[in-house]
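Computed from the coordinates by the stated procedures, all read-outs in this text should not be read as laboratory data. Because the structure is predicted, anything quoted here is derived from the model rather than measured. Here the Cβ is made from the backbone with ideal geometry for all residues, glycine too, and neighbour counts use every protein chain on show.
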Amino acid sequence: MERSLRFVVPCLLGTEGLTAREMEKLGLADVRAENGRVLCRGGARDIPRLNLNLRLGARVLIELGSFSARSFEELFEGTRALPWEEFIPRDGKFPVKGYCLRSQLHAVPACQAIVKKAAARRLGEKYGLATLPETGALYQIQFSLMNDRATLMLDTSGDNLHKRGYRAHGVEAPLRETLAAAMVVLSHYKGRDPFCDPFCGSGTIPIEAALIAKNRAPGLNRSFSAQKWGWLPAGLWMDAVDEALDEALDQEFHGSYEIWGGDIDPAAVELARHNAALAEVDDIVGFEVADAARFHWDGLRGRVVTNPPYGERLMEKRQAETLYRAFGKAWDKFPEGWQLYLISSHDGFERAFGKRADKKRKLYNGMLRCDLYMYI
């Protein structure tokens, strides 16, 4: 009988509900969205499935246990009581990282040391070793201490899941792939209508739109920590890849896609083309040097999903407002069948743009609070 595992999937604030729906579509049980994360239950086969398919989650963690920890002694004993040997082999490498919030134990380095010592004590006793070699695969331990309650987890992902493998570096102030994907999902894009990003930068939003249009799993071009775990059969990864490829074929659209990105910076456009090739979507997405202030597109309907400069990072706010006004005039020329989804942290965006949004949704670009302005 397959062991039941409890998964914790951190995600960007504002995307919890969207991430939960992704997990429900994958057939995970007991899916529950919380602030900044989503919980669910599954089996070993779901470790590769989640890592390969999640567009919005940050990483996939296995929760080993949760307990009260108001003192270092409680933290040590609670950690030591967990079945680390069921997951970490005798040569496993198990560094520790975590965070403390609203707890009596608030010194992160001290808590890291306690968790490390307790896990090492348990593993040493089980394997009959005074010193563990830690020369093997990585089993990253993560802990959270919130309101005096400790939760201990193992990270199956390695690099954050926003690192799809198609962007080694980007232009200044890039948008995380997970947030770009969330914007595309919120626009209800299905690959049928024209899709445009006139501030495309290194191409993240159009590339994520192309991956969604193709129904291509975002993790197919990267590796994960748990691929090296001895207790997790390699065949499960192969099965998950086959499943993902079959899903893409089943929903393949046999028409023509119109996915476009433009940017005034030729170097950014060249980088966007390079990234699209790495993501294997360069056959359906195009990029060109273009001025967003003169942006237009033929056709009665379509959607624009974009992340213009905010003013905090790339230019002064007054310059950003000038750009917003120019883009607003360009948008006025579009037919009513077009929709705009634009993210910005600039609290004066609507005033500068010249039109109030039909809807707004709070999202976070990293720790920066933003609004997704929806003109629908």
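The table below gives the values:
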| item | result |
| --- | --- |
| Computed Rg/Rh of region 195-244, alpha carbon atoms with Kirkwood Rh | 1.15 |
| Extent along principal axes [Cα atoms of the chain; Å; largest to smallest] | 73, 45, 36 |
| Degrees, to the nearest 10: 108-127 long Cα axis against longest axis of the chain | 50 |
| Residue with peak Gaussian network fluctuation, the chain [Cα springs, cutoff 10 Å], from Q142, Q339, Q104 | Q104 |
| Relative contact order for the chain, counting Cα pairs under 8 Å that sit 6 or more residues apart, in percent | 15 |
| Euclidean distance between Cα centres, region 267-345 to region 50-100, Å | 42 |
| Compactness relative to 2.2 N^0.38 Å, alpha carbon Rg of region 271-360 | 1.20 |
| Ellipticity estimate at 222 nm from DSSP helix runs (n ≥ 4, -39,500 (n - 2.57)) divided over the chain, nearest 500 | -9500 deg cm²/dmol |
| Mean separation of Cα contacts under 8 Å, 6 or more apart, over the residue count of region 25-152: relative contact order % | 29 |
| P(r) histogram, all alpha-carbon pairs of region 44-126 included - 5 Å bins from 0, percent | 3, 12, 21, 20, 18, 14, 10, 2, 0 |
| Three-way shape label, region 211-282, alpha-carbon gyration tensor, a/c 1.5 | oblate |
| Gaussian network model of the chain, Cα within-10 Å springs - most flexible of M183, M153, M238 | M238 |
| Where only C-alpha atoms are counted, convex hull volume of region 285-335 per residue in Å³ | 95 |
| Extension gain, M367 back to D30 (0.36 nm per residue minus Cα-Cα distance, nm) | 118.5 nm |
| Antiparallel DSSP beta bridges within the chain, percent to nearest 5 | 60 |
| Region 260-321: chymotrypsin sites (Phe, Trp or Tyr not before Pro) in DSSP coil with no more than 11 other Cβ atoms inside 10 Å | none |
| Gyration tensor (Cα) of region 128-250, equivalent ellipsoid semi-axes in angstrom | 34, 20, 14 |
| Added length on full extension, which subtracts the Cα-Cα distance from 0.36 nm per residue, K360 to R102 | 89.8 nm |
| Cleavage-rule hits (trypsin sites (Lys or Arg not before Pro)) in region 303-372: DSSP loop, at most 15 neighbouring Cβ within 10 angstrom | R313, K333, K355, R356 |
